[in-house]
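Participant: This is the structure, below, for whatever I ask next.
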């Protein structure tokens with residue numbers, strides 16, 4: 001893409017030192033250390049870092065021009081714009097020739113369940129004979145059996161995202177299912193992505209360190225649905241507290257499908273039952289009833305399955321065949337994953353109040369009458385502090401024994417995070433506190449009896465621990481297997 005093409009297609013405030021309009025842009029960068037020769041460097045203003053401070057380094061590494069929100073005191077080509085986070089999405093789309101317009105993209109958003117629902121939709125599309133790529137928390141992959149390719153965010157930044165979509169299109173894969181985070185929506189990462197369908201899992205407290213209020217959080221999520229147009233579809237969890245608000249943001253020209261357990265819905269689960277083997281229910285949809293027996297467990301798995309089935313229905317695929325395929329499927333890595341038995345040790349990604357409630361209730365369902373439910377968890381540093389005492393109270397109410405430890409403390413003092421959690425617990429004398437996560441799992445091993453169930457919550461699939469000055473390798477599943485043998 002030539003610099004002239006870029007300038008002719010964006011709104012800018014002024015041009016500084018832009019003399020050679022014929023310069024060829026070879027890439028788009030926002031990290032000065034990764035900038036390559038003839039890259040266009042975009043100065044993003046983030047929560048902790050201001051890209052304007054790194055422009056000089058970017059030019060030292062070969063940048064040909066930069067996009068800024070304020071004029072820099074540098075003798076380099078500068079394009080001054082109002083908002084670099086909006087512009088980077090636009091130019092990334094332009095640079096990769098608008099790949100999303102050539103794809104069928106389904107976005108899945110919500111506080112919990114995004115990863116599982118995207119994997120279910122990918123699996124069911126492929127079971128119907130269609131190719132489908134996936135983009136999300138675990139990375140991106142081009143088909144179900146593919147290994148994950150690295151991703152730093154649930155939804156990648158615009159240049160990486162558009163590059164991935166371009167590669168998907170080049171591979172002649174026509175379907176993409178994507179986790180769409182509230183950060184990605186608020187920070188314009190998915191601007192210029194042409195979504196054909198959107199799925200809402202739920203909306204409960206999370207990320208208030210960024211959004212500040214639940215209303216702001218809702219408004220960010222709602223952006224995905226507001227952008228749908230005639231011919232697109234939306235899938236909404238009818239049981240969610242925010243369901244009606246989301247419905248109000250959807251154009252009447254968009255096909256709406258609802259799912260749920262408690263309230264009337266187009267796709268509804270009735271007579272839900274759980275046992276050690278999984279969940280079973282009767283699924284009512286399209287004036288028909290289907291018996292469903294999942295290998296996945298918990299009410300959250302029922303909701304995830306319903307969301308996927310509603311999306312599959314919206315795309316016109318065979319429901320009966322899809323249900324049979326769902327029944328063959330196990331769970332997603334780090335999502336209520338039973339790692340060892342006797343005692344039963346479950347590793348789960350739950351890191352929000354609602355997520356912890358759901359997994360603890362499901363763990364209770366499979367805890368023998370002569371066994372105890374042990375909950376080991378922590379809360380992330382530099383994140384919403386208000387959820388910490390709430391999660392402490394939830395653990396006290398739903399578990400028989402609590403072990404509090406660290407979970408990505410980042411720049412915060414792990415002991416302070418633990419103190420915040422303890423503030424929500426009435427009887428702290430019975431709580432085991434061990435800031436070292438490995439030692440905490442060893443403490444759990446000491447007290448767990450063969451019929452007990454231990455939930456290790458918060459990290460799930462993650463294989464790292466983010467500390468103040470370093471990120472170390474740490475995988476709950478590896479440690480559990482090592483310690484419990």
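Participant: Select from segment 360-378 the residues that are in a loop (DSSP other than H, G, I, E, B) and buried (at least 24 other Cβ atoms within 10 Å of the Cβ) and list them in ascending order.
Facilitator: Within segment 360-378, just 378 meets the criteria.
Participant: Right, another one. Find the strands (runs of 3 or more DSSP E) located wholly in segment 379-475 whose residues include 2 or more that are modelled with pLDDT of 95 or more and crowded, with 16+ Cβ neighbours inside 10 Å, and list them.
Facilitator: 401-404, 453-457
Participant: I've got another one for you. So which residues in segment 185-214 are at pLDDT 90 or above and in a helix (DSSP H, G or I)?
Facilitator: Listed by number, the list holds a single entry, 185.
Participant: Out of the residues in segment 321-342 that are surrounded by fewer than 21 Cβ atoms within 10 Å (Cβ to Cβ) and in contact with a strand residue (DSSP E or B) (Cβ under 7 Å, 6 or more places away or on another chain), which is farthest from residue 438 (Cα to Cα)?
Facilitator: The qualifying residue farthest from residue 438 (Cα to Cα) is 323.
Participant: Let me ask something else about it. On the basis of being part of a loop (DSSP other than H, G, I, E, B), buried (at least 19 other Cβ atoms within 10 Å of the Cβ) and modelled with pLDDT of 95 or more, does residue 230 make the cut?
Facilitator: So residue 230 does not fit the description; no.
Participant: Sticking with this one: Residues 253, 258: which one is surrounded by fewer than 17 Cβ atoms within 10 Å (Cβ to Cβ) and either within 18 Å of residue 316 (Cα to Cα) or at pLDDT below 95 (or both)?
Facilitator: Just a single option satisfies the conditions, and that option is 253.
Participant: Only residues that are crowded, with 24+ Cβ neighbours inside 10 Å and modelled with pLDDT of 95 or more: list them for segment 133-144, please.
Facilitator: Across segment 133-144, the qualifying residues are 133, 134, 135.
Participant: Collect the residues in segment 154-179 that are in a loop (DSSP other than H, G, I, E, B) and at pLDDT 95 or above, keeping them in residue-number order.
Facilitator: To start, the set of residues in segment 154-179 that are in a loop (DSSP other than H, G, I, E, B) comprises 154-157, 171-174.
Scanning segment 154-179 gives 171, 172, 173, 174.
Participant: Could you say whether any residue in segment 39-48 is out of contact with any helix residue (DSSP H, G or I) (no Cβ under 6 Å at 6 or more places or on another chain) and closer than 16 Å to residue 70 by Cβ?
Facilitator: yes
Participant: Report every pair of residues separated by at least 6 positions or lying on different chains whose Cβ atoms are under 7 Å apart, first residue within segment 407-426 and over 13 Å from residue 378 (Cβ atoms), second part of a loop (DSSP other than H, G, I, E, B).
Facilitator: Close Cβ pairs satisfying both conditions: 411/381; 411/382; 411/468; 425/431.
Participant: Could I ask something else about it? Residues that are within 26 Å of residue 387 (Cβ to Cβ) and under 26 Å from the mean Cα position of the chain (by Cα), at least 2 per element: which strands (runs of 3 or more DSSP E) completely within segment 240-359 meet that?
Facilitator: Result: 337-340, 344-348.
The values are calculated or read from the model by the stated rules, or taken from the named source; none is laboratory data. Worth saying up front: this structure is predicted, and the values here are computed from it rather than measured. Backbone-built Cβ (ideal geometry, glycine too); neighbour counts: all protein chains shown.
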